[in-house]
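Remarks on the structure that follows.
The values are calculated or read from the model by the stated rules, or taken from the named source; none is laboratory data. Values in this document were obtained by computation on a predicted structure and should not be read as measured data. Virtual Cβ from ideal backbone geometry, glycine too; neighbours counted across all protein chains shown.
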Amino acid sequence: MRGAVRGATVLGMLLCAAEAALGLPVVGAGANTLPQGAFMIDVWAIRQEHTRRYDPTEEDWKDLDEGVGSEAASFVPRFYYGVLDRMTVRAAFPLEYRLSIDPEREDSAVGVGDIVVDPKIQIIRAKAGYPRVALLTGVRFPTGDTKSDPRLSDGSTDFVLGAAATHRVGDVTGHACLTYWVNGESVDGIDLKDTWVGTASLESPVSEHLTLLWEGKVYAGEAPRDSYQAYVCPGISWSDGEHVTVGMSALVSVAAAGGDGISHKDYDWAPYLKITYRP
């Protein structure tokens with residue numbers, strides 16, 4: 001019995017880890033691209049402490065029992081290169097940490113996660129510079145450890161397709177992004193189904209160096225049950241105006257739903273830090 005409960009817990013963490021990766025704040029994720037030959041790097045980090053689970057019987061979220069919990073943390077360098085003026089390729093190399101706790105034992109794992117390579121092609125740029133529209137595509141490779149406990153990857157190869165738009169009115173820049181993740185089969189033979197992810201964000205300057213960040217994110221799909229979640233990501237960023245930008249946000253869960261008998265861990269909020277460097 002305990003093995004079955006623990007198996008369900010690990011499965012819940014696995015599904016949550018896959019979904020959390022889609023739910024991360026990507027403030028400014030729009031249609032902008034780098035000039036040809038330009039290089040950029042950013043690093044983001046997040047820590048999530050899961051505090052609730054979905055009860056399919058009562059169709060509601062409940063606090064985890066005392067002595068039961070899980071944590072997830074990610075540290076992700078991403079490298080950008082302007083292949084063409086309107087085509088930028090990005091590659092992400094994550095370092096992942098997972099912790100699973102129950103009343104009888106505690107297990108943790110740390111290591112390389114799933115590498116993601118995702119090109120962006122800008123197809124529309126108005127004469128005045130805005131609005132802009134870009135097509136998105138990409139692949140998530142199963143490079144994370146599938147044998148650790150907890151796992152750092154579900155072992156599936158996933159593809160993403162989508163589009164993004166960016167527009168500026170005065171000093172305020174808005175971004176919208178809609179992507180569709182075609183998720184493969186996990187190492188356990190579980191079909192994680194596919195997921196829609198939508199993002200809308202605003203960047204509003206308050207001074208020469210400070211900008212307020214406002215973002216909302218929603219995703220819907222099956223994993224393998226129907227799952228719908230929404231987040232808001234308020235934050236602030238500082239830029240030296242030339243090379244470095246530092247942003248801090250809070251990823252706040254505002255709505256969630258699931259079903260089909262599989263418990264799913266969620267969190268109330270998570271701190272998020274991002275640093276960008278442009279040579």
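Please give the number of the condition Gly155 fails out of (1) closer than 25 Å to Thr88 by Cα; (2) under 21 Å from the mean Cα position of the chain (by Cα).
Going through the list (1) closer than 25 Å to Thr88 by Cα; (2) under 21 Å from the mean Cα position of the chain (by Cα), Gly155 breaks only (1).
Residues to consider are Leu34, Leu95; find the one that is within 30 Å of Ala134 (Cβ to Cβ), at pLDDT 95 or above and either surrounded by 15 or more Cβ atoms within 10 Å (Cβ to Cβ) or touching a strand residue (DSSP E or B) at 6+ places or on another chain (Cβ under 9 Å) (or both).
Matching residue, one of Leu34, Leu95: Leu95.
Does region 160-216 hold any residues that are under 24 Å from Ala91 (Cα atoms) and of a type in the set (Ser, Thr, Tyr), and which are they?
Passing the criteria: Thr166, Thr179, Tyr180, Ser186, Thr195, Thr199, Ser201.
Would it be correct to say that Asp85 is more than 14 Å from Asp149 (Cβ to Cβ), without any contact (Cβ under 8 Å) to a residue 24 or more places away in the chain and not β-branched (Val, Ile, Thr)?
no
Filter region 181-227 down to residues that are aromatic (Phe, Trp, Tyr) and either touching a Leu at 6+ places or on another chain (Cβ under 6 Å) or surrounded by fewer than 14 Cβ atoms within 10 Å (Cβ to Cβ) (or both) and give me whichever is modelled with the lowest pLDDT.
In this case the residue turns out to be Tyr219.
Does Thr88 qualify as being of a type outside the set (Phe, Trp, Tyr), buried (at least 17 other Cβ atoms within 10 Å of the Cβ) and assigned to a loop (DSSP other than H, G, I, E, B)?
Against the criterion (of a type outside the set (Phe, Trp, Tyr), buried (at least 17 other Cβ atoms within 10 Å of the Cβ) and assigned to a loop (DSSP other than H, G, I, E, B)), Thr88 does not qualify.
Only one of Asp107, Asp114 is surrounded by 15 or more Cβ atoms within 10 Å (Cβ to Cβ) and either more than 18 Å from the chain's Cα centre (by Cα) or part of a strand (DSSP E or B) (or both); which? Talk me through it step by step, then tell me what you get.
Working: Asp114 fails: either more than 18 Å from the chain's Cα centre (by Cα) or part of a strand (DSSP E or B) (or both).
Just a single option satisfies the conditions, and that option is Asp107.
Among the residues of region 65-74, which ones are crowded, with 16+ Cβ neighbours inside 10 Å and either out of contact with any Pro (no Cβ under 7 Å at 6 or more places or on another chain) or outside any strand (DSSP E or B) (or both)?
Across region 65-74, the qualifying residues are Val68, Gly69, Ser70, Glu71, Ala72, Ala73.
Looking only at region 117-162, how many residues end up being in contact with a His (Cβ under 8 Å, 6 or more places away or on another chain) and outside any strand (DSSP E or B)? Can you show your working first?
The initial filter retains those residues of region 117-162 that are in contact with a His (Cβ under 8 Å, 6 or more places away or on another chain), namely 130-132.
After this cut, where a residue has to be outside any strand (DSSP E or B) as well, the list is 130-131.
Matching residues across region 117-162 total 2.
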